[in-house]
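First the structure, in the form of C-alpha cells, and then the observations on it.
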Amino acid sequence: MSLQVEDMRNKAVPKLGSLIKQRTITLDNAKDWLRTIYEIRFFEDKVFELLGQNLIKGASHLYAGQEAVATGACAAIQIGDVIGSTHRGHGHCGAIGNKYAKDDQARQTHWNRMMAELMGRETGYCSGRGGSMHIADVMNGNLGSTGIVGGNIPNAVGAALAEKYKANNAVVVSFFGDGSTNTGAFHESMNMASVLKVPLVAIIENNLYGMSVPFFGSPVEGAGCAANIEHIAQRSAAYGVPARIIDGQDVVAVFLTVREAADYARKNRQMCMIEAKTYRWYGHSRSDPRVYRTKEEEKAWKERDPITVLSKKLLEEQLCTQQELDAVRDKAEATIESATQFGLDSAWPDPADVTKDVYVAESYPDTLVTNEKNASSQAMKATEAFETAVKTLTGQTKKEITEKAKEKIRSEFGMNVLLMKEALIEAQAEEMRRDKNVILEGEDVGIYGGAYGATKGLLQEFGTKRVIDTAISEAAIVGAAVGAALRGLRPIAELMYVDFITISMDQLMHNGAFNRYMFGGHAKVPMVVRTEGGVGRCIAAHHSKSLEPWLVNVPGLYVVMPSTPYDAKGLLKAAIRSDNPVVFIEHKATYGQMGAVPTEEYIIPLGVADIKRPGKDVTIVTYSRQTMFCLAAAKELAEKHGIDAEIIDLRTIKPMDINTVAASVKKTGRLMTVAESFCMCGTGPEIVRRLIEYKFDDGHTGFDYLDAPPVNLAAADVPPPMSEPLENASIPTPDKIVAAVKAMM
Amino acid sequence: MPKEVRLPQLGQTMEEGTIVTSLVKVGDKVSKGDVLFEIETDKATLEMESPAEGYVRKILIDVGQTVAVGTPVLILGEQNEEISQTYIDSLSGLQTSAASTPAVETPPVPSSSTPAPSTPAQQSSPSPATGTAELPEGSRVISLPQLGQTMEEGTIVTTLIKIGDEVKKGDVLFEIETDKATLEMESPAAGFVKVILVEVGQTLPINTPILILAAKDVEISQACIESIKSGGAAPVIKPTEASAPTTAQSVEAPAERPIPTGGRVFASPRAKMVAAQLGVDLTRISPSPSAVRITEADVRKAAQTGTASTAAAPAKYGPGQRIAINRLQRIVAEKMLLSKQTIPCFYLNIQVDMTELVKIRTKLNKSGDVKISFNDFIIKAVAMGLQHYPIMTGHLDGDYIQLADTIDIGLAISTEQGLVAPIVKDVGTKTLREIAVYCKGLIDRTRADKLSLDDLTGGCITVSNLGGFGIDSFIPIVVPGQTSILGVGRINDVCLPMDGNIMVRKVMNLNLSVDHKVANGADAAQFLDFVKKTLEHTDNFTT
Ligand SMILES: Cc1ncc(C[n+]2csc(CCOP(=O)(O)OP(=O)(O)O)c2C)c(N)n1
Ligand SMILES: [Mg+2]
C-alpha cells in the first residue's frame, strides 16, 4: 500500500462472479453478507419501533444504512482478529457475532442476546449493564464499545500492541465515526499506533455528520462544519500511514479493501486507515428531526442502500434468483422477530445484583496477611535501626557511613536498605521476570529511566519490546494500557505526574474502571497506572497535587499509595498481579527515602492497612508521605505531651481497610485523618463516614465509640503554591498534626 | 386484519405529541417508512413514519390535536376493509400494547415512568375567596379532636372560656362528653379566643371547627366565620396528638417530666455508652474544665468515685418539700375515695404453691419467643376463674346485677407519673402466649404514654402485683366500676408439710378484695380457690 490516499471509488469493484471464480469468496459468503446486512437492518428497525413503544429505553444510535461497512469488514478479517466499536455499534456487534456463530442456532442466540441487552435484560450480552452504547460480546473478538466519542480508539491501539507483542499475527479493526476524528484521543492514538507500528486497521465510518454537524459543510443554511478537509483519509499523512477511501454502501468494496488492509497490517506490523463513505438512514438518535440534511440528499443515499447494492449484483450476475434473495430476507426477519420475543420473555436483572462484577473478586490467604504484618513490623524495626546506625556510625564520607549502616542491617536483620525508587524498580523487574505479560509504557520510561528514576535499568534488561517510551499522549498511554490489558497483557503505564491523569481520566474511568461492569463481568482490565503526586519540590499547582479523592470516587478502580520502600515494593508487586485496574501513586518527596526491604520475595495484600505505630489515646489514619509526618508527630506527642497515638497507614485507599481503623477507634475513642489531598469530599471525610457507619459485632457503631469529634487534616483548598513556605502552609506537617492532636484530647 | 398505528415515543422525554400535518388520507396505500404525520413534541417537530404497509382505513385524530404517546392514531387494513366501531372502541385505553408486533405482552417495567397525577391538596390551598372571608394571618381554627379510638362525635358539656380570654397551650377549653367518658379538651395553641363556634349541649362530629384563636387585636370577619362554619377553606388546625386531653385515667402529659437542671447534657457517644454500661447518671457529672462535653474519662472517674451512679440516686423528694399533685394522682385520689365510700368490701386470702409453675415458666421461656411473666399466668388463671364464676364479673346497675359481656382484666402498672391500670381486653379468648404479647404491648404503651381511651375503659377485676417490691401480702382497693381486685404478693421459699414431710416450696399470697354489693363470700371464695388450683396445676396452661 502506498502512502498516497487512494480513492478506491474511482476504480471498478470486481464482479462477484470473478471473485468466486478466483476463490476469493464463495457464493455462500456473498449470500451470508446479504443475510447479515438484513439482520442488522431488521434489528435496527425493530429497535426503533420498540423505542417508540417504550419497550426499549435509553440510547438509540441506529446503524441502519451503514450495514455494508461492519458486514464487509468483519467478513474480511480472520477468527482471532479483534474489533473495537462505538456508540453506533449494533452493526459491529451484529456482524462480528455472526462471524463467530458456528451455526444458525448460535446465530439466533447471538441476536437474542443483543436484543435482550438493548431491553436491559439479564440474558443480554452485558446482563443489562451496558445496553445499546456498550453492547459487545467481549468474549468473542469484540473489545467493546464506548459512549465517549473517540474513547474507543486508544483501546484498539493497546489491543493491537498486545497482539503484536504476543506475536499472534492478529489484527485489530477499530471502527469510529467522522466526528471522533476531531478528538484528541484520535490523534494521540493514530500517532501512537503509527509510531509503535501496531497491526491496526482504522475504519472511519464517515456518515458525513457528527450528530448535526456536517464533517465538511452542508447546503443546509445554518448547518455547521467540523473540519476543513473533505476526506478524513487525508489525515493519514500526519501519521505517515497508508489510507484508502471506499464506498461504504458496497459490501464487496468494503470486504476487498479491509482484507487488503488487514493483510498489510499483519505483514508489515503497521496500521492503515480506511475511510468508508456512508450514511445513516435514521437521525442521530430517535429525537433527531434531521434538519441539518436535505431530503434530496437522503433520497440519493437511500438509492444506494447496501441491501439494494448487493441484491442487484447477485441478481444481475445471475448468481441468485429473486426467490432466493427473498428467502434470505425472510430468514433474517424471522431471526429478529424471535430475538425480540426472546428479549421480551427474558427476566430483568435482579436489583440485588446491582453491585456484582464491578471488581474481579480477589482475596489473599490468611497466612499471607498475618505473615505480612510481621514482615512489616520487622521492616520498620530494621529501618529504625538503620537510621540510628547512620547517626551513630563514623566514616570518612556520608556514603561510607551509609554503606556501613546498610551492611549492619543486612547482617542483623537480613534485609537490604533501599531507596524508594530502587524498591519500585525491583518490584517491576521481578514481576517482569515472573510474568512475560507484564510490559511497561509511558513517557521517558526507557532510556531516561523515568522522570523520577523509578524505571532505571528496565530497558537494559527487558528491551524496547517491553519497556516502551511513548510520545506525550496521556490519554493514549492509559487507553492503550486498557486495550492491552483487555487482550491479556498486564501493562504498567507510567504517568509522569498524577496531575496529568486529568487528561487520561476518560480512559481510566470509562474504559479502565468501568469495562468489566459495563460488559457484564466478562472483561477484566489488569493494569497498573504508576504515577506520583504531592508537594515537596516547589513545582506548583500543575505538578504537586494529590488527586486520590478523584480516583477513589471511581467504582472499579483500586488506589494504592505507599509510604515506605518496603510497602512500595510489596504493594506494587501485588498491584501488578491484581486482575483489577490499580492506580499506584508514589510521593515525589519519598523517592530518596531509604528503608529496609526483605531480601526474599514478598507481596503485600491490597486492601490491608498497616499499623505503623501502636498507641492507645488517638487513632491517626493516614497514607503515603503523610505517614512519615504522622510518625514524627507521634514521637513528639509521646515524648513531650504524654499522648500515645496509633498511626494507621492505609496503604490502599480503595478498597479501604476500615476494619483496622474501626478496631483502633474502638480502643482509642478518637479519630484523626491526615492526607495531602483536598478535604472537600476527600479521603479524610470518607474515612470518618465509614467509621461512623461501621457496625461492630457488639451491635454498636463506630459512632458510639467516639469520644471526641473526628478531625480531618488535609491540603488547604488552594492550588498548590510554588513558594516553599506557602507550599508547607498548604499541607499538614508534623507541627500541625501535633497541635491538632493536642486540641482534640 | 386491521392494524392500529399508535403515536410512538419519538424521544426519551416525549409524553405526548401534537398532530401538525396529516400526510395521508383514508384509502391511501402506505408502505413501511412512509411519513404519515408531522408531530410536534416537547423537543421538535418530527415525522412519524408508518411502521407497516397497508391501506389507511381510518384516521383517529385531527390536525391540531394533542394526544398521549401510545394513543391509536390511524388504522391500516386491506384495501377495502371495513373497520367496525367495536374494533375502534376496543383500541382506546390499550396504550402500551405493541402496534405491529404480534400480540406482544407488555412486560412489567421495573420503575413506573409516568407519575400518578397528584390530587389537589384541598385542605392546604385556600380557596380564592374574597379578602374578608380569609382567615387573618396568625389566627387558628381549633376543631373537635378525636379523644379516643372509637370517638366519632362529642357533646359540649361545659365551656370553660369566653370570647376575649387569653389561653395558653394546654389550658382546658371545653368539657366534652364522648361515647365513653367526659373529657377535658385542652387548647393545642396559645392565643386570644376570638370566636366560639359551638354551644353547650351541641353534639358535633370530630374535626368540626369549634373555636378561633388569634392575636389580641385581630378581627375575624363575619364572612370568614361563615366560611369556616360552612366547611370553607380556612385552614383548620387540629389539635396535635400530643395535646389531646388526658382522660380520667391516662398518664400525665410529658411536659411535666422532670427536666435535668442545666438543660441538655453534652456527652460523647462513647461517654454515653460507657455511662450506660457502668450505671452512671450523666446528668450528675460535668465535663472537665474548659471541655465542652463529657468524655469517657469523666464517666470512668465518676464511676470510680461513685459520685453519679444511677442506683445511688437520691430520693426524689426532700424533707419539707411541697409537691404539686399531678393529674394522675388526683384521679387516683378521687377514685380511691369513691371506692372506700361506695364499695363495701370483704377480703379473702389464700396461699398458692407456685413451685411447679415456676418450673414450667422457666421451660416455656427457654423455648418460646415471647417471655411470659407470672402476671400473665395469673391473668390467665383469673380469666378462667371468671368464666367459671361469672358473678365475679358483675356490677350493680339499679335493681340488677349486670354481668360483663367479655372478660376484661385491669393490670396495675406503676409509671414515673403514678399508677395506671389499663385493661387487657377479652382475656377469655386469649391463649397464655397471646396474653403475654398483649400485656407486653400494653405495658410498653403505658410507659410510652401512648394509651388510648379504649385501653382505659372497662374491666371487671384488676390484678395488682407488688411482689416485685418484696411485698408478701397486701389488701388492694377495688376500682370503682369493677367487682374485685386481686393483690398478688411475692413468691417466697416456704417450708410446707407435704405427705408427712416438710418440703421447701415456692409460695405466693393472693388477696382478693370484693364488692359485697355484687358477690358474697361463698362465690368469691370458690373463685379464688379456683384461681389457686389453676395456678398449681400447670397442665392448665397450654400456651
Ligand atoms: C466526548 C463526547 N462528546 C460528545 C458526545 C455526544 N455525542 C454522541 S454521538 C455524537 C456524534 C458522533 O459523531 P460520529 O463520531 O461521526 O459518529 P456517528 O454518530 O455519526 O456514528 C455526539 C456528539 C459524546 N458521547 N462523547
Ligand atoms: Mg458521523
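The values are calculated or read from the model by the stated rules, or taken from the named source; none is laboratory data. A quick note: this is a predicted structure, and the numbers were derived from the prediction, not measured. Quick reminder, even Gly has a Cβ in these numbers, built from the backbone with ideal geometry, and neighbours come from all protein chains shown.
Being surrounded by fewer than 24 Cβ atoms within 10 Å (Cβ to Cβ) and either in the same structural domain as A:G463 (by TED's automatic domain parsing) or within 16 Å of ligand 1 (Cβ to nearest atom) (or both) is true for just one of A:G147, A:G84, A:G94, A:G89. Which residue is that?
Step by step, each of A:G147, A:G84, A:G94, A:G89 is checked, and only A:G147 is surrounded by fewer than 24 Cβ atoms within 10 Å (Cβ to Cβ) and either in the same structural domain as A:G463 (by TED's automatic domain parsing) or within 16 Å of ligand 1 (Cβ to nearest atom) (or both).
Name every residue in the stretch B:1-33 that is away from every other protein chain (no Cβ under 14 Å) and in a loop (DSSP other than H, G, I, E, B), in order of residue number.
The answer is B:M1, B:P2, B:V24, B:K25, B:V26, B:G27, B:D28.
Considering only the stretch A:471-526, how many residues are β-branched (V, I, T) and within 8 Å of the chain's Cα centre (by Cα)?
Residues in the stretch A:471-526 being β-branched (V, I, T) and within 8 Å of the chain's Cα centre (by Cα): 3 in total.
Are any residues in the stretch B:50-70 within 13 Å of chain A (Cβ to nearest Cβ), crowded, with 20+ Cβ neighbours inside 10 Å and either over 56 Å from the mean Cα position of the chain (by Cα) or under 24 Å from B:E82 (Cα atoms) (or both), and if so, which ones?
Within the stretch B:50-70, B:S50, B:P51, B:G70 qualify.
Condition check ((1) over 35 Å from the mean Cα position of the chain (by Cα); (2) outside the structural domain of A:V583 (by TED's automatic domain parsing); (3) crowded, with 23+ Cβ neighbours inside 10 Å) across all residues:
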| position | (1), (2), (3) |
| --- | --- |
| A:A634 | yes, yes, yes |
| A:H641 | yes, yes, no |
| A:A662 | no, yes, no |
| A:R670 | yes, yes, yes |
| A:H700 | yes, yes, no |
| A:N712 | no, yes, no |
| A:A716 | no, yes, no |
| A:S723 | yes, yes, no |
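Of the residues A:V552, A:V525, A:V529, which is surrounded by 24 or more Cβ atoms within 10 Å (Cβ to Cβ) and in contact with a strand residue (DSSP E or B) (Cβ under 6 Å, 6 or more places away or on another chain)?
A:V529
Based on this model, can you work out whether A:A238 counts as surrounded by fewer than 23 Cβ atoms within 10 Å (Cβ to Cβ) and either away from ligand 1 (no atom under 16 Å from the Cβ) or modelled with pLDDT of 95 or more (or both)?
Judged against the criteria, A:A238 is a match.
Filtering the stretch B:34-64 down to residues that are part of a strand (DSSP E or B) and either touching a helix residue (DSSP H, G or I) at 6+ places or on another chain (Cβ under 6 Å) or of a type in the set (A, V, I, L, M) (or both), which residue is modelled with the lowest pLDDT?
Per the criteria, the residue is B:L46.
Which residue out of A:V741, A:V674, A:V665, A:V718 is in contact (Cβ under 8 Å) with a residue 12 or more places away in the chain and within 14 Å of chain B (Cβ to nearest Cβ)?
Of the residues listed, the single one that is in contact (Cβ under 8 Å) with a residue 12 or more places away in the chain and within 14 Å of chain B (Cβ to nearest Cβ) is A:V665.
Identify, by number, the condition in (1) more than 15 Å from ligand 2 (Cβ to nearest atom); (2) outside any helix (DSSP H, G or I); (3) buried (at least 24 other Cβ atoms within 10 Å of the Cβ) that A:M192 doesn't meet.
Status for A:M192: all satisfied but (2).
Could you grab me the full set of residues in the stretch B:22-37 that are closer than 29 Å to A:R293 by Cα and out of contact with any Asp or Glu (no Cβ under 6 Å at 6 or more places or on another chain)?
Scanning the stretch B:22-37 gives B:S22, B:L23, B:V24, B:K25, B:D28, B:K29, B:V30, B:D34, B:L36, B:F37.
Working only within the stretch A:350-361, note down all residues that are in contact (Cβ under 8 Å) with a residue 40 or more places away in the chain and either of a type in the set (A, V, I, L, M, F, W, C) or in the same structural domain as A:I56 (by TED's automatic domain parsing) (or both).
Listed by number, the residues that qualify are A:V358, A:V360.
Can you tell me which residues in the stretch A:173-189 are away from ligand 2 (no atom under 16 Å from the Cβ) and either under 17 Å from the mean Cα position of the chain (by Cα) or within 14 Å of chain B (Cβ to nearest Cβ) (or both)?
A:G184, A:E188, A:S189
Go through (1) modelled with pLDDT of 95 or more; (2) closer than 30 Å to B:Q9 by Cβ and name the single condition A:R290 misses.
Among (1) modelled with pLDDT of 95 or more; (2) closer than 30 Å to B:Q9 by Cβ, the lone unmet condition for A:R290 is (1).
Looking at (1) without any contact (Cβ under 8 Å) to a residue 12 or more places away in the chain; (2) among the β-branched types (V, I, T); (3) within 16 Å of ligand 2 (Cβ to nearest atom), which is the one condition that is false for A:T109?
Single failed check for A:T109: (3).
Taking B:D405 and the conditions (1) assigned to a helix (DSSP H, G or I); (2) under 30 Å from the mean Cα position of the chain (by Cα), which numbered condition does it fall short on, given that it satisfies the others?
(1)
Out of all the residues in the stretch B:418-466, which are part of a loop (DSSP other than H, G, I, E, B) and either more than 23 Å from B:V478 (Cα to Cα) or touching a Pro at 6+ places or on another chain (Cβ under 8 Å) (or both)?
Correct list: B:K430, B:T431, B:A448, B:D449, B:K450, B:L451.
What number goes with the only condition from (1) away from chain B (no Cβ under 14 Å); (2) of a type in the set (G, A, S); (3) under 19 Å from A:I648 (Cβ atoms) that A:S723 does not pass?
The one condition A:S723 does not meet is (3).
Looking only at the stretch A:319-347, filter to residues that are assigned to a loop (DSSP other than H, G, I, E, B) and within 13 Å of chain B (Cβ to nearest Cβ); which one of those is surrounded by the most Cβ atoms within 10 Å (Cβ to Cβ)?
A:S346
Mind telling me which of the residues A:D45, A:D104, A:D81 ends up being over 27 Å from A:K164 (Cβ atoms), more than 14 Å from chain B (Cβ to nearest Cβ) and not aliphatic (A, V, I, L, M)?
A:D104
From A:G130, A:G141, A:G124, which residue is away from ligand 1 (no atom under 16 Å from the Cβ) and either without any contact (Cβ under 8 Å) to a residue 24 or more places away in the chain or buried (at least 24 other Cβ atoms within 10 Å of the Cβ) (or both)?
One residue alone meets the criteria, A:G124.
Restricting the search to the stretch A:348-372, which residues are outside any loop (DSSP other than H, G, I, E, B) and either loosely packed, with under 10 Cβ neighbours inside 10 Å or under 32 Å from the mean Cα position of the chain (by Cα) (or both)?
A:P351, A:A352, A:D353, A:D366, A:T367, A:L368, A:V369, A:E372
Please enumerate the residues belonging to the stretch A:195-211 that are away from every other protein chain (no Cβ under 14 Å), within 15 Å of ligand 2 (Cβ to nearest atom) and either more than 27 Å from A:E297 (Cα to Cα) or outside any strand (DSSP E or B) (or both).
Correct list: A:N207, A:L208.
Looking at (1) of a type in the set (S, T, Y); (2) touching a residue at least 60 places away in the same chain (Cβ under 8 Å); (3) within 16 Å of ligand 1 (Cβ to nearest atom), which is the only condition A:Y165 fails?
(3)
Being under 24 Å from A:M628 (Cα atoms) and not small (G, A, S) is the filter here; which residues of the stretch A:387-403 pass it?
Result: A:E387, A:T388, A:V390, A:K391, A:T392, A:L393, A:K398, A:K399, A:I401, A:T402, A:E403.
Looking at the stretch A:208-230, can you tell me whether even one residue there is within 26 Å of A:A170 (Cα to Cα) and crowded, with 19+ Cβ neighbours inside 10 Å?
The answer is no, given that none of the residues of the stretch A:208-230 is within 26 Å of A:A170 (Cα to Cα) and crowded, with 19+ Cβ neighbours inside 10 Å.
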